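Here, each number is a calculation from the coordinates, and none is a lab measurement. What you are looking at is a predicted structure, and each value in this text was computed from that prediction instead of being measured. Quick reminder, even Gly has a Cβ in these numbers, built from the backbone with ideal geometry, and neighbours come from all protein chains shown.
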Amino acid sequence: MKSLLLLRHAEAIAISGTMKDLARPLSARGLAQAQALGAWLREHAWVAERILCSSAVRAQQSAEAVRVAAGWKTRLSVREKLYNAEAGAMIDLLRNDAADVDSLLLVAHAPGIAALASALTTHRADLLLVCEAATLIEVVSDIASWADIAQGCARLRLVLPS
């Protein structure tokens, strides 16, 4: 069985001045959100064998805070393609970049994270309604390989809104 944790990055500071969207860091609240999620994952013995993360600073900081709080040794694999990616692009990335693991954390942005969870589990856009900053969604599938991931192949196991 394959387990996919989808995380919408935690709360970031607002854009100000000449700051580019990619450079926005987490707010203090966002850092606390990510650390709390990592602690929850540690408490529930959930370990990601691989972490795929958007190139946005806020996504990388979210992934790193979760990783540290969860006690994982897993390294972050930053992927520019995850920045504001749509569900189809994320499915393609999973097919090509996650073949050797059973458990995976993917950290990216709204609405893509929720759209991906919906596409894999419900064929509707219903999860878009619950995907606030720091929302964690787990979907599981009986596929043998990430190369087999497709719309409707998974079931929803967990949604932790912020």
For region 17-162, the charge dipole (Cβ of Lys, Arg +1; Cβ of Asp, Glu -1; about the Cα centre) points to a positive end, and the Cα of Gln61, Thr18, Trp146 closest to that extreme belongs to Thr18
Between the modelled labels at Asp142 and Arg42 (7 Å from Cα along Cα→Cβ) the distance in nm is 3.5 nm
So, relative contact order of region 35-162 in percent, Cα under 8 Å, 6 or more apart, is 23 percent
Note to self: C-alpha centroids of region 48-119 and region 130-162 sit apart, in Å, by 12 Å
Mean-square fluctuation maximum in Gaussian network of the chain, Cα pairs under 10 Å, restricted to Ile91, Ile15, Ile113, hits Ile15
Per DSSP loop assignment and a cutoff of at most 14 other beta carbons within 10 Å, the chain keeps its longest run without exposed trypsin sites (Lys or Arg not before Pro) at 21-72
Result row for the chain, helices from DSSP H with C-alpha axial extent 18 Å or more and mean Kyte hydropathy at least 0.0, is 57-70
Computed over region 66-149, the Cα gyration tensor eigenvalues, each multiplied by 5 and square-rooted, give semi-axes in Å (largest first) of 19, 17, 13
In terms of the alpha carbon gyration tensor, root eigenvalues a ≥ b ≥ c, rounded if a/c is under 1.5 and otherwise prolate when a/b exceeds b/c or oblate, region 74-120 is prolate
Summing -39500 (n - 2.57) over every DSSP H run of at least 4 in the chain, dividing by its residue total and rounding to the nearest 500, the 222 nm mean residue ellipticity is -10000 deg cm²/dmol
Cα extents of region 5-92 per principal axis, largest first, Å, are 41, 33, 19
With the chain reduced to its Cα atoms and the Debye formula applied, log10 I(q)/I(0) at q = 0.12, 0.16, 0.21 1/Å amounts to -0.45, -0.82, -1.46
In region 1-110, the GluC sites (Glu not before Pro) that sit in a DSSP loop and have at most 13 other Cβ atoms within 10 Å of their own Cβ are Glu86
In debye to the nearest 20, the charge dipole size for region 46-162, taken about the Cα centre with +1 at each Lys and Arg Cβ and -1 at each Asp and Glu Cβ, equals 220 debye
